Amino acid sequence: RNAKKSAPFGSCHITKDGIREYDRMVAIQERVHSLYDSDELSLALQPQYNAEAEIVGFEALIRWYSVEFGWVSPADFIPIAEENGAIHSIGEWVVEAACDALLELMNHGHHRTISINVSARQIVAPEFVLFLNRTLKKKGVPAQLLMLELTETALVSDMSQVRSIMLELAKLGFRFSVDDFGTGYSSLSYLKRYPLSILKIDKSFVNEMAPGNANEALVKTTITLASSLKMSCVAEGVETKEQAEELLRNACYFHQGYYYAKPCTANDVEALLFKTWN
């Protein structure tokens, strides 16, 4: 990146910036195991809107502000947590925080869903079903309000085991959505095997959607597919009025993105729910 600051390292050259970044990632790898008890994690809620611009639910987004590193992107620490197993304790923190947010909404008379991301390693963990059921009963939150989002990669990681666990959770009232649909597994045959309620159109398709191009075709196809399978369709990353209108014209009635609202803290949710969106 900066040739003047490069230093020899074996047969290649690593810049000072590169070394600092490497040291930072090593430190993050050491820290993720203690995040559950650190008070450094927080939850942001991304509102999801229907065709009448009413909030129907939220997606929970994990945030980490480190005293040592500052803001750490989930794109940096979640893959590390997945690899070293810390994702289990982080996932438990997310479930508990989402339940607390749901309980706060319910106490104010708002029954909205909150979606949380579940990783491939989490869904097949032996204690996952027991933990979810125990936590929701303890918090007094109905399972129907906690939407479990899985990527296509997670769904096909161990199809038989994942399906068995999802069916068990579905009997308890949990619902499921496919996150970032269209970016992972190429076969669509898995869709009919699982108890799925929602397909989420990845924001990359929405952002690059234009009349007549391939992304528009993929978006339309996903909407039609969801409808034929009696599933709802949520478009992520809606940033412009034109995108929102095009999605509505094609019968995609649920949206989330900066055009409507940025992710907010739990404290801001109450005001947002009473705000009329224009």
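Would you mind telling me the antiparallel percentage of the DSSP bridges in the chain, rounded to 5? If we restrict to bridges inside the chain, about 45 percent are antiparallel. Using the Cβ-Cβ distance between THR224 and GLU54 with R0 = 25 Å, the FRET efficiency computed as 1/(1 + (r/R0)^6) comes to roughly 0.55. Each stretch of four or more DSSP H residues adds -39500 (n - 2.57); spread over every residue of the chain, this sum gives -13000 deg cm²/dmol at 222 nm. Largest mean-square fluctuation among SER228, SER157, SER66, in a Gaussian network model of the chain whose springs join Cα atoms under 10 Å apart, belongs to SER228. Accessible surface computed residue by residue for the stretch 124-254, with neighbouring protein chains in place and a 1.4 Å probe, gives 49 Å² per residue.
Counting only alpha carbon atoms, the long axis of helix 159-171 and the longest principal axis of the chain meet at about 50°. Surface composition of the chain: carbon plus sulfur atoms contribute 52% of the solvent-accessible area (1.4 Å probe, protein chains only, all chains present). Of all the stretches in the chain, which is the longest one without any exposed loop site, taking trypsin sites (Lys or Arg not before Pro) in a DSSP loop (any state but H, G, I, E, B) with at most 12 other Cβ atoms within 10 Å? Looking at the chain, 2-229 is the longest stretch - no exposed trypsin sites (Lys or Arg not before Pro) with at most 12 other Cβ atoms within 10 Å.
Counting heavy atoms of the protein chains alone, ILE80 has an accessible area of about 20 Å² for a 1.4 Å probe. Overall form of the stretch 110-184: oblate. Here a/c, set by the Cα gyration tensor axes a ≥ b ≥ c, is 1.5 or more, and a/b is not larger than b/c. With all protein chains in place and ligands, DNA and RNA left out, the 1.4 Å accessible area ranks THR151, THR113 as THR151, THR113, largest first.
If exposed GluC sites (Glu not before Pro) are those in a DSSP loop with at most 14 other Cβ within 10 Å, what is the longest stretch of the chain that has none? Could the numbers behind the result be given before it?
Details: sites that count: GLU52, GLU54, GLU68, GLU127, GLU208, GLU239.
Formally, the longest exposed-site-free interval is 128-207.
The values are calculated or read from the model by the stated rules, or taken from the named source; none is laboratory data. Predicted, not measured: the structure shown is a model, and the values here were computed from it. Cβ: placed from backbone, ideal geometry, glycine included. Neighbour counts: every protein chain shown. For accessibility, only protein heavy atoms count, side chains too; no ligands or nucleic acids. Shrake-Rupley method; radii C 1.70, N 1.55, O 1.52, S 1.80 Å.
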